[in-house]
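The structure under discussion appears below in the form of structure tokens.
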Amino acid sequence: MRLDGRRESNNVDDRRGMTAGKAAGIGLGGIVMIALITFMSGGNLGDVISNVGTQMAQSENVTTQEGQREFTAEEQELAKFSSQILAGTEDVWSKVFQQMGRTYTPPKMVLYTGRVQTACGAGSAQVGPFYCSGDQCLYIDLSFFTTMKKQLGADGDFAYAYVIAHEVGHHVEHLLGTLGQAHNAMSRTNKVQANKISVRLELLADYYAGVWAHYDNEMYNSLEDGDIEEAIRCAQVIGDNYLQEKAQGYSQPESFTHGTSSQRMRWLKKGLQTGDMNGGPRLNMSDSELGS
């Protein structure tokens, strides 16, 4: 991506070097990531169970700690990059919302290390980047980008930008009321149906990430050769089916919460190509319309 001369966001809360609070339980995404890393490191199913148990035990015994440490040049560059991408989302979504007759209120991006306390409870780096509508913040442990590169083979600045833009996409869902509608519907149904609603939310956030990239490129000519391929590769390797098959040798569609690799790639590409706010997946969209 071309980011030279681009501004950094003022909406960054840098809490790196701190851990806080009692960590929340490990979700499916966290378990899958632990399993994936364990298997790729030569472990077996028993090792997976042990590692998950260890992580859960650690998450129950976290005390607040603060400390100062020096950050590497690579860490500082990632922090600057993330701030510039957040600024780009602010510029794009402010313009898009203005065209819709709305006012865009940007989220705050919290950079943290290990664990962090949020309005949605305590979070852990093991679950990856996440958005909390309770405080309208997106939370990122920058070490996730290293995990993407080393464990998943997803690398490149636009792949990292896609991850940030996806979480900002959840913020856009929140501002437009979609996130609240989905959460209300999820609370009134069974687990399998709730998972299906979750998939649609995640694919919509992928679509919005594509919409952002569409307009960011129009405004700043930011995309370079290979950038789109980086993001598509990232969407592929974070699909539910891909992660589950890597971790356990098979996938369980009823447990999917983010969408398959092909679905994630499809909706990211469509948002990038069209820039159409009305062209994304809907909460009531059928499985066939969603794609396989």
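The values are calculated or read from the model by the stated rules, or taken from the named source; none is laboratory data. On a predicted model such as this, the values are computed, not experimentally measured, just so you know. Glycine also receives a Cβ, built like all others from the backbone with ideal geometry; neighbour counts cover every protein chain displayed. Each accessible area value is taken on the protein alone, full model and side chains, heavy atoms only, with ligands, DNA and RNA left out. Shrake-Rupley method; radii C 1.70, N 1.55, O 1.52, S 1.80 Å.
Annotations for the structure displayed:
- Residue check for Tyr242: over 23 Å from Glu173 (Cβ atoms), assigned to a helix (DSSP H, G or I) and out of contact with any His (no Cβ under 8 Å at 6 or more places or on another chain): yes
- Checked against (1) part of a helix (DSSP H, G or I); (2) of a type in the set (Asp, Glu); (3) surrounded by fewer than 18 Cβ atoms within 10 Å (Cβ to Cβ), Asp225 passes all but a single condition, namely (1).
- Among the candidates Ala213, Ala209, the residue that is closer than 15 Å to Tyr162 by Cα, touching a His at 6+ places or on another chain (Cβ under 7 Å) and surrounded by 20 or more Cβ atoms within 10 Å (Cβ to Cβ) is uniquely Ala209.
- Residue list for segment 89-103, filter: assigned to a helix (DSSP H, G or I) and hydrophobic (A, V, I, L, M, F, W, C): Val92, Trp93, Val96, Phe97
- Figure legend. Inter-residue proximity from segment 251-269: first residues of a type outside the set (A, V, I, L, M), second residues surrounded by fewer than 17 Cβ atoms within 10 Å (Cβ to Cβ) and not in a loop (DSSP other than H, G, I, E, B), beta-carbon distance below 6 Å, spacing 6+ or different chains. Indicated pairs: Ser251/Glu245; Glu254/Val192.
- Residue within segment 150-170 that is modelled with pLDDT under 95, open to solvent by less than 30 Å² (accessible area, probe 1.4 Å), farther than 25 Å from Asn278 by Cβ and not in a helix (DSSP H, G or I) present: yes
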